[in-house]
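Structure first, commentary second.
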Amino acid sequence: MLYELPRLTPVDEQVLTEITEMREELRHDVLRAPVRWTRELRRALTASAIAASNTIEGFRVDARDVADLMDGEREGIDASEADKAETLAYQRTMTYIQSLHDVADFSYSKGLLNSLHWMLQGHHHTVQRPAGQWRRKAIWISAAGDPLSTEYEGPHEDRIPELAGELADWLNEGDMDADPLVRAAMAHLNLVKIHPWVDGNGRMSRSLQTLVIARERVLAPEFSSIEEWLGMPGNTWDYYRVLREVGGPVYSPERGTGPWVTFNLRAYHEQAQRVRHRVGRAREAWLMLDDQAKSLGVSERQIGALHEVAMSGRVRRSRYEQSEGLNTQQATRDMQALVKAGILAAVGQTKGRRYVAGERFPAAVLEAAARRYTPRDPYADRDS
């Protein structure tokens, strides 16, 4: 037996409608935007999701360093080798998940779940901590700061194959009339409560949620994943709290799941606000750079480098080279020209060198890229 979908409250329905409207608005905005900066935005959002999800598990790599690791950079990354390995493993998993969005003969299976787990945890594989295989022993989740306390005990290991198979069957055929975002949330809850592996259950459950969203094919999963939102400290505590409240101290699928779905709807809504704001800032910064390109004396392709500096604070030569399809000599020449003009400034040694805004970088563009907003809790000031 799995944890079941709850009946949505009227407020849940209102929030879900608003989420759908924002996602549709984002879809149209992305379709109208220049491919070059939407590609950069998708990369940045993916990096933020990976950084945030790993942060929940204690692996800390800045989102900009995650983006550099995704590009194959290894020098100048402010992270331990262990944290780099975790980041790259999660990036491989997420890349594969994103690639599954339009596979025609796709289906969920126990084999798929174990394969994804191997991508995520294969570098840790030992007899004691097998990757890509169900756990063969009991598992307990300890309370924060008290390793001897038991906050949650997963189902007996003998039940794992049956429960995982039931989850795969439900993903393929169950509650298909429910909103996909709600189904994605319930997939997350059920997998994390089955806790089928020795390690990596949290990231796998968040990855499964992203996969269910990706298969919806309305909006690229980078724009819909809530992992970035979950990784914010206050939200992370709420995440653990609601998992405890809904899941119970042991596997209890008869418990009500309404608070979990409400929590996820809030997450979807607030993350959509964040992404919508980021899309707006990115569009405004791009248009301003395009308008000022002639007066700055920069080429159309160099706008991409300046746009990344405006949005993330820095750009690498290798990133610019890859993004614009240049050879190393062309990219180096372009970067040197921007530095000579005072538009960019070089920071760091050769292999780890980054380029940041120089004295002549348009201040108005930086202001547009840093424009603030006030997030709105969609459940505040509503009648239940």
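The values are calculated or read from the model by the stated rules, or taken from the named source; none is laboratory data. A quick note: this is a predicted structure, and the numbers were derived from the prediction, not measured. Don't worry about glycine lacking a Cβ; one is built from the backbone with ideal geometry, like all the others, and counts go over all protein chains shown.
The table below gives the values:
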item: Among the residues listed as Arg360, Arg372, the single one being surrounded by fewer than 16 Cβ atoms within 10 Å (Cβ to Cβ), in contact (Cβ under 8 Å) with a residue 24 or more places away in the chain and not in a helix (DSSP H, G or I); result: Arg360
item: Conditions (1) among the charged types (D, E, K, R); (2) in a loop (DSSP other than H, G, I, E, B); (3) over 30 Å from Thr150 (Cβ atoms); number of the one not met by Arg276; result: (2)
item: Condition check for Ser205: over 19 Å from Ile19 (Cβ atoms), crowded, with 16+ Cβ neighbours inside 10 Å, modelled with pLDDT of 95 or more and among the polar types (S, T, N, Q); result: yes
item: Cβ pairs under 8 Å, 6+ apart, first in the range 281-303 and surrounded by fewer than 16 Cβ atoms within 10 Å (Cβ to Cβ), second among the polar types (S, T, N, Q) and not in a helix (DSSP H, G or I); result: Ala293/Ser299
item: Members of the range 69-92 that are touching a residue at least 12 places away in the same chain (Cβ under 8 Å), basic (Lys, Arg) and not in a helix (DSSP H, G or I); result: none
item: Residue identified as over 28 Å from the mean Cα position of the chain (by Cα) and in a helix (DSSP H, G or I) among Gln271, Gln336, Gln322; result: Gln336
